[in-house]
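Encoded as structure tokens, the structure appears first; notes follow it.
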Amino acid sequence: MTNEERLQQVLKTEKQQRNLFFTIAGVLLLALLAFGGFTGHRFYVQAAQRNADNRAAALSEALNASSSSEASASADSSNPLDPEILSLTSTHQMASDLQTQLQAARTNALSLSDEFHQEALKLEEERLAKERAAMLPEGYTKVTVSSSDLHTGNLIVVNKDYEYVFPDTEDYLSLLYDQEGGNYYLSSFEIQMTEPAASALHSMLGAYYDETLMEEILVLNGYRSPEESQALFDEDSDLNGTIHAEDYIMLPGHSEHHTGLATDLGNIITGEFIDSDDEVYNWLYEHAHEYGYILRYPQGKKLQTGIAYEDWHFRYVGIPAATDIYRTDLCMEEWVEMIHAYTAMDPYTISLEDGDYTLFYVPAGENETEIPVPENGEYQISGDNMGGFIVIVPPQND
Ligand SMILES: [Zn+2]
């Protein structure tokens, strides 16, 4: 064997050995891969099984939870993946949804029919009220007034919702200074009110002095023009902010002071409004109605009056109304609303010392309004500034 042949021999052996190594390594690798794949597959199968088990448990739970269902009761719950059960479950869900929708529709229908009935009832009541308002009690006749008169009288309501309608003249006003004598003070000689309101205020403050011999009341104001209202509102807005101004001061047209029926009372010593701690307030609170005055913006009535508690603002409405408002604890808005329910045939009665006063309401017609009044006797008609007239019939002297 030549050297070359020997060399060839060695190389060949090495090659064979290398091939053998790679073959063995390859086989080992394949075995490893196969084993790994098998293990992985096993894990995969286990996970899938666990997953399926979980779903089965959840479905079974859902089926058990769905109450009063024949479908779930009769179904084979040991096999929750049964397509039939899945289909029944979804049918059950649909049925339950429909039931909810049906219930909602029924509730809606009930409320609609209720609304319809309410509406029909309201129309019928209005028709009957009109018919009844047209009927005349014995001894009554009818007078015709212009419907525009509903903006005048002692019982007009002026507030945020009901604007004051100014008359063409200021004839309805008189100077408070013209009332003779008096143990009280005026903040100005120019203060004006309607004559009945001025003379009632004069009597009221006179009575307070007679009882207490205290001379501290200062009449701050009475009638207020729209310009004065605007100036007051602006001044208060600047000083205390718009919210405060809106709480206490009505915008021009909506101030009760336009009517000449309202006044703000103060104290000459403090120079401020009177307040609920003052003796004069307590006296007025108890006696104002005897002179036809009411505390117009009482505590706890802001929702109805639109104005916060004012223990200094008094409003003239006449003795019968003032007494009844005092007795019933209603604010003026509530009281007038209450009177709206009474007719000449079925009037409201206020008992005073001199007898029974009867009151009733007549809604205003388009241009003219026919109002039942006693044929031979006294009566007062006042607009309410809202849509009708309130008639007051004093005790009739036989
Ligand atoms: Zn006032």
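Could you list, in sequence order, all residues of region 326-346 that are over 12 Å from V157 (Cβ atoms) and of a type outside the set (F, W, Y)? Steps first, please.
First, pick out the residues of region 326-346 that are over 12 Å from V157 (Cβ atoms): 326-330, 338, 341-346.
Those that are over 12 Å from V157 (Cβ atoms) and of a type outside the set (F, W, Y): R327, T328, D329, L330, M338, A341, T343, A344, M345, D346.
Would you mind finding the one in T323, T328, T259 that is polar (S, T, N, Q), at pLDDT 95 or above and within 16 Å of the ligand (Cβ to nearest atom)? Give the steps one after another, and end with the answer.
Details: T323 fails: within 16 Å of the ligand (Cβ to nearest atom); T328 fails: within 16 Å of the ligand (Cβ to nearest atom).
Just a single option satisfies the conditions, and that option is T259.
Restricting region 271-306 to residues that are away from the ligand (no atom under 14 Å from the Cβ) and aromatic (F, W, Y), which is modelled with the highest pLDDT?
My answer is Y291.
Residue check: is D356 touching a Pro at 6+ places or on another chain (Cβ under 8 Å), among the acidic types (D, E) and surrounded by fewer than 16 Cβ atoms within 10 Å (Cβ to Cβ)?
Numbers: touching a Pro at 6+ places or on another chain (Cβ under 8 Å): yes; among the acidic types (D, E): yes; surrounded by fewer than 16 Cβ atoms within 10 Å (Cβ to Cβ): yes.
It is true that D356 is touching a Pro at 6+ places or on another chain (Cβ under 8 Å), among the acidic types (D, E) and surrounded by fewer than 16 Cβ atoms within 10 Å (Cβ to Cβ).
Between a residue in region 254-272 that is outside any loop (DSSP other than H, G, I, E, B) and any residue that is of a type in the set (F, W, Y) and within 11 Å of the ligand (Cβ to nearest atom), which pairs come within a Cβ distance under 6 Å, given they are 6 or more apart or on different chains?
T263/F314; D264/W312; L265/W312; G266/F273
Please state which of the following conditions Y309 fails to meet, knowing it meets all the rest: (1) among the aromatic types (F, W, Y); (2) closer than 27 Å to E215 by Cβ; (3) within 15 Å of the ligand (Cβ to nearest atom); (4) touching a residue at least 40 places away in the same chain (Cβ under 8 Å).
Y309 satisfies every listed condition except (4).
Could you list, in sequence order, all residues of region 359-380 that are surrounded by fewer than 17 Cβ atoms within 10 Å (Cβ to Cβ) and either under 26 Å from the mean Cα position of the chain (by Cα) or within 30 Å of Q299 (Cβ to Cβ) (or both)? Break it down stepwise before answering.
Of all residues in region 359-380, those surrounded by fewer than 17 Cβ atoms within 10 Å (Cβ to Cβ) come to 365-368, 370, 375-379.
Scanning region 359-380 gives no hits.
When region 169-195 is examined, which residues are found to be over 36 Å from the mean Cα position of the chain (by Cα), of a type outside the set (F, W, Y) and closer than 20 Å to D149 by Cβ?
Across region 169-195, the qualifying residues are T169, E170, D171, L173, E195.
Of the residues E163, E235, E190, E246, which is without any contact (Cβ under 8 Å) to a residue 24 or more places away in the chain and outside any helix (DSSP H, G or I)?
Within the list E163, E235, E190, E246, the selection yields E190.
The values are calculated or read from the model by the stated rules, or taken from the named source; none is laboratory data. Keep in mind that this is a model prediction, so the values were computed, not measured. When we count neighbours, we look across all protein chains shown, and the Cβ atoms used for this are built from the backbone with ideal geometry, even at glycine.
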